[in-house]
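To start, the structure under review is shown below, and the notes come after it.
Coordinate-derived values only; no laboratory data. Every value quoted in this text rests on a predicted model; they were computed, and no experiment measured them. Here the Cβ positions follow ideal geometry from the backbone for every residue, glycine too, while neighbour counts run over all protein chains shown.
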Amino acid sequence: MSPYDLGLPAAPAQANQPLVDPFGRTIDYLRVSVTDRCDLRCVYCMSEHPAFLPKSEILTIEELDRLCTAFIGLGTRRLRLTGGEPLGRRGFMQLVESLSRHLRTGVLDELTLTTNGTRLARFADELAAHGVRRLNVSLDSLDPDRFKHITRGGDLNQVLAGIDAAQAAGIAVKINTVALKNDNADELPAMIQWAHGRGLGITLIETMPLGEVEEDRTDQYLSLAAVRANLESFWTLTPLDERTAGPARYVRVEETGGKLGFITPLSHTFCESCNRVRVTCTGELYMCLGQDDRADLRAPLRENAEDASLIAAIREAITRKPKGHDFKIERRGAAPAVARSMSTTGG
Ligand code: SAM
Ligand code: SF4
């Protein structure tokens, strides 16, 4: 046990009724954004000069630990840490180390993260040591110049070194690639081949109308139905039964032997099986990625040393989880369906 573990509460297994929303969905998957900051500026995610939040508004590492632990006490079985860039948050490895106590006691099935990979080479061994078994790395191009353009300055080699380090540490890596009409549409088959050749899963994501960015989203938007039709003109895609409760649908590419996912929030709904909620780095609980309704968890965290009001606020919010989202890129044009970006809500 590390010194950081000492004195921190274990999640009381079975101490609370699980979280079930009005539509009978058990909420057992939590995504937490640990920062709104990032070392990259992906064109579809952030503006070039984003206004980051004052530090005082961001939950501390201790508050994040308490919040996640409260959810775990309410039945959260899978926890994904994201951002902004989680590996850029000061104290992040302390948080991972601390939360790993819930893996050891068996109340948490999985602790994972979504990262841009730029700092992964440095942290991969530590993440593995703290029980991280798989993670997602976002990567939209294998061409150094394009990567630099999409991320507004990123260094592809850092990400590739990060992926190598994670694999060497025994962590399963899944690549997330946002399909962009102008920037990587022609490269997607090569990226799939590359990922499968390295034993990596890869999931393609449609751009979602979240947050203000400089570019016109209707320019960026590329339907994955069209991408899939193109892939099927030269590959055999066999649908896999495997369904997560999330928005991804999977196929096996027979020619490469690898797994390919499609996340199509705009053209399909996936809400009926939704088991997840998200908390922003400021402690706002969003019951749906595509809706604005939310609950403030920072006030009960900061105002009370005991968790009773925090737990009451979580339970009350779950009674407001909506049946589904309301993304409609064509109805709203280039304006975001919801004003907060993915880097705030946590992708
Ligand atoms: N910085 C980390 C990363 O890039 O993996 C974690 C946070 S990032 C917001 C999480 C995921 O959201 C990334 O895979 C990113 O590509 C995706 N994302 C961000 N903005 C998006 C948007 N408008 N539409 C679709 N995906 C988006
Ligand atoms: Fe940063 Fe991730 Fe957003 Fe890119 S997608 S700007 S890496 S938070």
Which condition number does Lys148 fail, the rest of (1) free of Cβ contacts under 8 Å to residues at least 40 places away in the same chain; (2) of a type outside the set (Asp, Glu); (3) closer than 27 Å to Ala185 by Cβ; (4) surrounded by 16 or more Cβ atoms within 10 Å (Cβ to Cβ) being met?
(4)
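Determine which member of the set Val132, Val137, Val173 is free of Cβ contacts under 8 Å to residues at least 40 places away in the same chain and in a loop (DSSP other than H, G, I, E, B). Explain how you work it out, then say what you get.
Working: Val137 fails: in a loop (DSSP other than H, G, I, E, B); Val173 fails: in a loop (DSSP other than H, G, I, E, B).
Just one listed residue meets the conditions, Val132.
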Which is of a type in the set (A, V, I, L, M) and under 17 Å from Asp39 (Cα atoms), of Leu120, Leu142?
Leu120
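For region 43-64, name all the residues that are crowded, with 21+ Cβ neighbours inside 10 Å and either closer than 24 Å to Gly154 by Cα or within 16 Å of ligand 2 (Cβ to nearest atom) (or both). Steps first, please.
The initial filter retains those residues of region 43-64 that are crowded, with 21+ Cβ neighbours inside 10 Å, namely 43-46, 58-59, 64.
Selection gives Val43, Tyr44, Cys45, Met46, Ile58.
Take the residues in region 90-129 that are part of a helix (DSSP H, G or I) and polar (S, T, N, Q), then tell me which one is farthest from Asp155 (Cα to Cα).
For region 90-129, the residue satisfying everything is Thr105.
Would region 80-89 turn up any residue that is acidic (Asp, Glu), within 20 Å of Ile61 (Cβ to Cβ), within 12 Å of ligand 2 (Cβ to nearest atom) and assigned to a loop (DSSP other than H, G, I, E, B)? Can you show your working first?
Of all residues in region 80-89, those acidic (Asp, Glu) come to 85.
Checking the rest, the ones that are also within 20 Å of Ile61 (Cβ to Cβ) come to 85.
Then keep just the ones that are within 12 Å of ligand 2 (Cβ to nearest atom); that gives 85.
Filter once more, keeping what is assigned to a loop (DSSP other than H, G, I, E, B): 85.
Checked region 80-89: at least one residue is acidic (Asp, Glu), within 20 Å of Ile61 (Cβ to Cβ), within 12 Å of ligand 2 (Cβ to nearest atom) and assigned to a loop (DSSP other than H, G, I, E, B).
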